[in-house]
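Colleague: Provided herewith is a single structure, encoded as structure tokens, for subsequent inquiry.
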Amino acid sequence: MAGLAALGIRMYLSVTGKPEPGEPGEGSWEAGTAQTRGKREIQADQAQFVENRAGIMAVLADGTGTRNTGRLCAQLAVDTILDRYEPYHVLHNPDYFFKTAFYEANSRIQKTIGERRGGANAGAVFLDGSRLFYALAGSIRIALLRHGELIPLSRGQTLDVLAADAWKEGKITRQDAIWSMEETRVWNYLGMDGFHEIETGSQPVRLKDGDLVFMASRGVSEELSWRETEDILVSGLPVQEAADRIIRAAEAKAAPDQDNGSVILIKVKTRMEPI
Amino acid sequence: MRRINSEFKTAHVSEEGRQLSNRDYFGYVEMDDFACYVLADSLDAEPSVNSAKLVVESIIRDFTEAPSLGKRRLHRYIHRAHTELARQKSGMYLKASAVVAVTDYRKIRYAHAGNSRFYLVRSARILARTEDQSLTQNLLEAERIPLDQAAAHEERNNLYSFLGGRGMPEIRVSRKQKLESGDIFTLLTRGVWEQCPDREFLDIINSADSPEETVNQTEDFILKKQETEDIDNYTLAVTFVNKTFQPPDKPWTLKRVLTVAIPVLLLAGGLGLGLYMRHRNILRQETALADCMDSGEAYLRYDNYQKAADEYKEAKTLADGLKRTEEAAEAGRYQKLAEQIILADEAMGAGDYQKAQKLYLTAKELSSAAGNMGRSYIEDQLKQTRDYTEVFDLIALGEKKEEYGNLEGAAASYKAAKEKAASIYYGEGKAEALEKQAKAEEELEKSRLEDAARRKEQEDAAAAEVAKQQAESEAGRELENQQKANDQQNAIELENKGNELLAQGQYESAVTFYQTAQAIYIRLELPEQADGINGKIAAARAGKQAEEAAAAAAQEAARRESAGDAEGEAEAVVQEGRTGTEEGADAAGPPRTESYGPGSSVQFVPPAP
């Protein structure tokens, strides 16, 4: 019952999303989420928000694994991160929070699924009113629509990114790196044995009025091109309507093997001046 | 052909820098008569497509199809590249910055959109260059704070105009610039100008002898920084104009002479024709002006003011066109005069004579300013307005009189107005006056008849009053007479009663009745009857005295009885008393009755106590 009530609160917040005035993390936003099962039997994506005095935290997890293991992993990831976040009044070090929360989620998933194969790509975004922090394990697209342009924030823990970084560090040749550019498999995810460092932003993104945060799992990001997504987001629709439109557009592609797709949008309506 | 007679040497370098892939692109084509150099820099992060390459290929293709140095053509080349980028639907929106230089080996024209640059270097300094289409404010801000991912992205594409994307680029095309031998022009992307400032770049250009050397030295300069800085893709193209195309001197052939002479002759002919036409037109206008002035004057003389106004208006237009101020002013004056008279005539026609009079007066002033033209007409009209006003005044006077009830005076005024109107052949006024006069006279007649009727009525009333008074007096008289008759009857009855009493020997009461009757007779002014009663009263008094004397004699007799001789005397006295009474009764006469006609009644009035 308690879990259902908590879920109810979360969904409610996902629609209304308004902090009490005068509280830390002051700023207002409008959030919306939408999902599609794609061509899969089970919806193994989880997309949820929690809003408290510290700000708003959105988590999108894309579970993988046979039967309902994926779903379980995604649910565990989301619950672990959001449960840890909920009691905060002020989140001083979001990067540290992300690191510990993701580790905890990873270990809980491992303990829960045991020998079964499975895991979750998870992305989390935290807005404290003036800044944006994000963290990522695996591949979740996180981007920011600003001045009509969709700016990518997350790079993804995929092999192509890893290769590009390795080339920059001089570990591999340019040619090797270029050959790896087509390889988009993930090399890290929650529930993986030997979990690696998560991806976080090099520094927090200073928000501007009208910024729109976009999070999507593979079912959306692989179906819709960057340009198509951008076109829907700049059309100025209300946030929930835009999220629905994105899902409808992804479904309209009718790809034979469309993955579960989820999208989270958070529109920054007013922001607090940075301290 | 020009290319052979000129010497343009180009060298270029395009490298990825510290990036994984090179998304800059440079291409050029040198044709016989024209050459085109295109440099582009991809601004998007789409890994699958090189936008810069698309742009360069598009522009070079369009240029080779229709080479030109024209401004619009150059603009079109770049705009088509923009549409080509925008047409690519997959992946991200493609965006690129581009700079293009086209030359015919003598002159050069360049165009750009975004922040790729073109420099034209002459005599060791930059003679011409493109301006970046950057939002500089953001750059300044970026210097102060470390850039987060979004801000760094914004800064990198910190342009308000570029090819591709959702908007329209602002393509800037330069003017044509003449090239000189020894000029150097260069195209470079952000990767170059960011790392190699203009001053250093100019030093390198000035010190180098060939384009290759310039390119190599610049690249060395950039690569020196790669240890410390994240070098972007860099592309540089340098062209040394060692010799521009000089057209060879040719002898003056007939064809060449004709080529020059025919346009000159045509121009001179055209000019001459133009001047002649102008002169002819002026002459025609002058004639028309004179005609208009003359006919205007004629119309004024014949009092046709509408036509005169039209003619003078046209004359004024012509004079203005010919810049003949004097004629224009004169025509203006006459026009005004004619229009004023037309206006006054209209007012007159509308029956507003006061207004017409004012307008005619103004027209009179205008006429004196315009050589007394039409003055007699104006005066005639003024006189007419005066007369008309007079008629109206008379009518108004009549109305006033009528209002105060002086109908005769009103009729007279109307008559005067009618006569005046008749004398000035003013039918309308006459008809009005006549009508009013007739009405006034009718009213007068009516009032006369009413007076007569009233008088008659008064007379009748007076007569009736007199008759009534007469009747009243007669009735009064009759009543009085009747009263008198009654009174007289009463008096008679009283008198008779007195007579009866006298006869009975009641002398005292008889006297009272007699006196009452006498008083009535006196009041009824019947002196004879009153006097007649006097005797009766005297008889009654005598009777009384006789009675008293008899009583005294009786007393004396009684005493004489006692004395003896007193009897005879007492009888004598009683006898004497009886005689007196009989005489009184005779004098009173028999009781009188008088008849007062049939139906008259006799009332008895009892005597006063």
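Bear in mind these aren't lab numbers, they're just calculated from the coordinates by the rules spelled out. All of these numbers come straight from a predicted model, not from anything done at the bench. Here Cβ is always computed from backbone atoms with ideal geometry, including for glycine, and neighbour counts include all displayed protein chains.
Colleague: What does the structure give for A:223-233 when I average, per residue, the other chain Cβ atoms found within 10 Å of the residue Cβ? Spell out each step's value before the answer.
Modeller: Working: counts 0, 0, 6, 7, 10, 3, 1, 3, 2, 0, 0.
That average works out to 3.
Colleague: Moving on. Among the chymotrypsin sites (Phe, Trp or Tyr not before Pro) in segment B:419-518, which ones are in a DSSP loop with at most 12 other Cβ atoms within 10 Å of the Cβ? Mind listing them?
Modeller: B:Tyr425
Colleague: Over chain A, with a Gaussian network built from C-alpha contacts below 10 Å, which listed residue (A:Pro256, A:Pro152, A:Pro87) shows the highest mean-square fluctuation?
Modeller: Evaluated over chain A, the most mobile residue of the options is A:Pro256.
Colleague: Is the shape of the protein assembly as shown rounded, prolate or oblate, going by the alpha carbon gyration tensor and its root eigenvalues a ≥ b ≥ c, with a/c under 1.5 for rounded and a/b larger than b/c for prolate?
Modeller: oblate
Colleague: Is there a simple number for the mean count of other chain Cβ atoms within 10 Å of the Cβ of residues in B:164-171, and what is it? Mind showing how you got there, number by number?
Modeller: Values: counts 0, 2, 6, 1, 0, 0, 0, 0.
Mean inter-chain Cβ contacts per residue within 10 Å come to 1.
Colleague: While we're on this one: Report, in debye and to the nearest 20, how large the dipole of segment A:26-270 comes out about its Cα centre when Lys and Arg carry +1 and Asp and Glu carry -1 on their Cβ.
Modeller: 200 debye
Colleague: Quick one: helix B:527-561 against the long Cα principal axis of chain B, what's the angle to the nearest 10°, folded into 0 to 90?
Modeller: 50 degrees
Colleague: What FRET efficiency comes out for the pair B:Asn281/B:Gln306, r = Cβ-Cβ distance, R0 = 35 Å, nearest 0.05?
Modeller: After rounding, the FRET efficiency stands at 0.75.
Colleague: Counting only other residues whose beta carbon sits under 10 Å from that of A:Arg218, what net charge do I get with K and R as +1, D and E as -1?
Modeller: Working: positive: A:Arg141; negative: A:Asp45, A:Asp62, A:Glu222, A:Glu223, A:Asp259.
After counting each charged neighbour, the total is -4.
Colleague: In Å³ and rounded to a whole number, note down the convex hull volume per residue for the Cα atoms of segment A:69-169.
Modeller: Values: hull volume 14.3 nm³, N = 101.
About 142 Å³ per residue, rounded to a whole number.
Colleague: Around B:Lys53, under 13 Å between beta carbons, what's the net of Lys plus Arg minus Asp minus Glu among the other residues?
Modeller: Details: positive: B:Arg23, B:Arg61; negative: B:Asp24, B:Asp41, B:Asp44, B:Glu46, B:Glu57, B:Glu84.
Taking every other residue near B:Lys53 into account, the sum is -4.
Colleague: Per-residue mean of other chain beta-carbon atoms within 10 angstrom of the beta-carbon, peptide A:144-153?
Modeller: That average works out to 5.
Colleague: Something else now. To the nearest 20 debye, what charge dipole does segment B:7-243 have about its Cα centre, counting +1 at the Cβ of each Lys and Arg and -1 at the Cβ of each Asp and Glu?
Modeller: Dipole of segment B:7-243, to the nearest 20 debye: 1300 debye.
Colleague: Hey, another quick one. Check cross-link reach from B:Lys456 to the lysines: straight Cα distance under 19 Å, and skip same-chain residues fewer than eight apart.
Modeller: Here the lysines satisfying the reach criterion relative to B:Lys456 are B:Lys446, B:Lys468.
Colleague: Run lengths n ≥ 4 of DSSP H only: what is the helix-derived mean residue ellipticity at 222 nm for chain B, with -39500 (n - 2.57) per run over all residues, to the nearest 500?
Modeller: After summing the helix terms and dividing by residue count, I get -22000 deg cm²/dmol.
Colleague: Taking a threshold of 20 Å on the Cα-Cα distance, which of the pairs B:Lys107/B:Lys255; B:Lys400/B:Lys430; A:Lys39/A:Lys267; A:Lys168/B:Lys89 fall above it?
Modeller: Working: B:Lys107/B:Lys255 26 Å; B:Lys400/B:Lys430 18 Å; A:Lys39/A:Lys267 29 Å; A:Lys168/B:Lys89 31 Å.
With Cα atoms farther than 20 Å apart: B:Lys107/B:Lys255; A:Lys39/A:Lys267; A:Lys168/B:Lys89.
Colleague: Related question: Would you please state which residues of segment A:111-134 a label at A:Glu86 would reach in this model, taking the label point 7 Å out along Cα→Cβ and a backbone N cut-off of under 15 Å?
Modeller: none
Colleague: Can you put B:Lys307, B:Lys497 in order of Cβ neighbours within 10 angstrom, beginning with the fewest? Kindly include the intermediate steps, with their values, before the conclusion.
Modeller: On the way: B:Lys307 15, B:Lys497 21.
By the 10 Å Cβ count, ascending: B:Lys307, B:Lys497.
Colleague: What's the long-distance tail for segment B:7-243, i.e. % of Cα pairs beyond 21 Å?
Modeller: Percentage above 21 Å: 54.
Colleague: Along the positive direction of the dipole of the protein assembly as shown (beta-carbon charges: Lys, Arg +1; Asp, Glu -1; about the Cα centre), which of B:Ala453, B:Ser562, B:Gln506 reaches farthest?
Modeller: Of the options given, the answer is B:Ala453.
Colleague: Oh, and also: If I take the Cα coordinates of segment B:273-364 and project them onto the principal axes, what are the three extents in Å, biggest first?
Modeller: Sorted from largest, the Cα extents of segment B:273-364 read 58, 21, 17 Å.
Colleague: Turning to a different aspect of this structure: Taking just the C-alpha trace of chain B, give me its Rg and Dmax in Å.
Modeller: In Å, with Rg to one decimal and Dmax whole: 76.2, 230.
Colleague: What FRET efficiency would be calculated for the residue pair B:Glu408, B:Gln483, taking the C-beta separation as r and a Förster radius of 60 Å, to the nearest 0.05?
Modeller: 0.55
Colleague: How large is the helix-only mean residue ellipticity at 222 nm for chain A, computed as the sum of -39500 (n - 2.57) over DSSP H runs with n ≥ 4, divided by its residue count, in deg cm²/dmol to the nearest 500?
Modeller: Computed ellipticity for chain A at 222 nm equals -10500 deg cm²/dmol.
Colleague: Just to verify a number: FRET efficiency for B:Ser376 and B:Lys439, C-beta to C-beta distance, R0 = 45 Å, to 0.05?
Modeller: Computed FRET efficiency for B:Ser376 and B:Lys439 comes out at 0.70.
Colleague: Rounded, prolate or oblate: which fits segment B:161-311, taking a ≥ b ≥ c as square roots of the Cα gyration tensor eigenvalues, rounded meaning a/c under 1.5, else prolate when a/b beats b/c?
Modeller: It is oblate, given that a/c is not under 1.5 and a/b is not larger than b/c.
Colleague: Springs between alpha-carbon atoms under 10 Å, Gaussian network over chain A: tell me which of A:Thr158, A:Thr69, A:Thr184 tops the mean-square fluctuations.
Modeller: Residue with maximal mean-square fluctuation among A:Thr158, A:Thr69, A:Thr184: A:Thr184.
Colleague: Starting from the Cα of B:Arg73, step 7 Å along the direction of its Cβ; do the same at A:Ala252; then give the gap between the two resulting points in nm.
Modeller: 4.3 nm
Colleague: Just grab the label-to-label distance for B:Asp291 and A:Lys168, each label 7 Å out from Cα along the Cβ direction, in nm (one decimal).
Modeller: 9.2 nm
Colleague: Students often get this wrong, so check it: of B:Lys358/B:Lys401; B:Lys364/B:Lys420; A:Lys111/A:Lys208; B:Lys307/B:Lys355; B:Lys53/B:Lys225, which have C-alpha atoms separated by over 30 Å? Don't skip to the end; give the middle numbers.
Modeller: Numbers: B:Lys358/B:Lys401 28 Å; B:Lys364/B:Lys420 26 Å; A:Lys111/A:Lys208 41 Å; B:Lys307/B:Lys355 23 Å; B:Lys53/B:Lys225 27 Å.
In this structure, A:Lys111/A:Lys208 lie more than 30 Å apart at Cα.
Colleague: Within 10 Å of each residue's Cβ, count the other Cβ atoms and sort B:His112, A:His196, B:His153, B:His279 from fewest upward.
Modeller: Listed from fewest to most nearby Cβ atoms, that is B:His279, A:His196, B:His153, B:His112.
Colleague: Mind listing which GluC sites (Glu not before Pro) in segment A:91-156 are in a DSSP loop and have 14 or fewer other Cβ atoms within 10 Å?
Modeller: A:Glu115
Colleague: Please label the shape of segment B:318-429 as rounded, prolate or oblate, based on the square roots a ≥ b ≥ c of the eigenvalues of the alpha-carbon gyration tensor (a/c under 1.5 means rounded; beyond that, a/b larger than b/c means prolate, else oblate).
Modeller: The shape class here is prolate.
Colleague: Taking H placed 1.01 Å from N in the peptide plane, check which residues at least 5 places from A:Leu153 or on another chain put their amide H under 5 Å from its amide H.
Modeller: So A:Leu153 has HN proximity to A:Ile142, A:Ala143, A:Leu144.
Colleague: Give a residue-ordered list of calculated ³J(HN,Hα) values for segment A:93-104 (Karplus: 6.51 cos²θ - 1.76 cosθ + 1.60, θ = phi - 60°; whole Hz; x for Gly, Pro).
Modeller: Each residue's phi maps through the Karplus curve to give 10, x, 4, 5, 4, 4, 4, 5, 5, 5, 4, 5 Hz.
Colleague: Also, I was wondering about something else. Which ordering of B:Lys358, B:Lys468, B:Lys95 is given by a fewest-first count of other beta-carbon atoms within 10 Å?
Modeller: If I rank by nearby Cβ atoms, fewest first, I get B:Lys468, B:Lys358, B:Lys95.
Colleague: Moving on. For A:Gln258, enumerate residues with amide H under 5 Å from its amide H, sequence gap 5+ or separate chain, H modeled in the peptide plane.
Modeller: Under 5 Å from the amide H of A:Gln258: A:Lys39.
Colleague: Determine the sum of side-chain charges near A:Ala74: Lys and Arg each +1, Asp and Glu each -1, restricted to other residues whose C-beta is under 10 angstrom from that of A:Ala74.
Modeller: Charge balance near A:Ala74 sits at -2.
Colleague: Shifting gears a bit: Looking at segment A:157-275 from every direction and averaging, what is the projected area of its Cα convex hull in nm²? Could the numbers behind the result be given before it?
Modeller: Values: hull surface 42.2 nm².
Mean projected area of the Cα convex hull: 10.6 nm².
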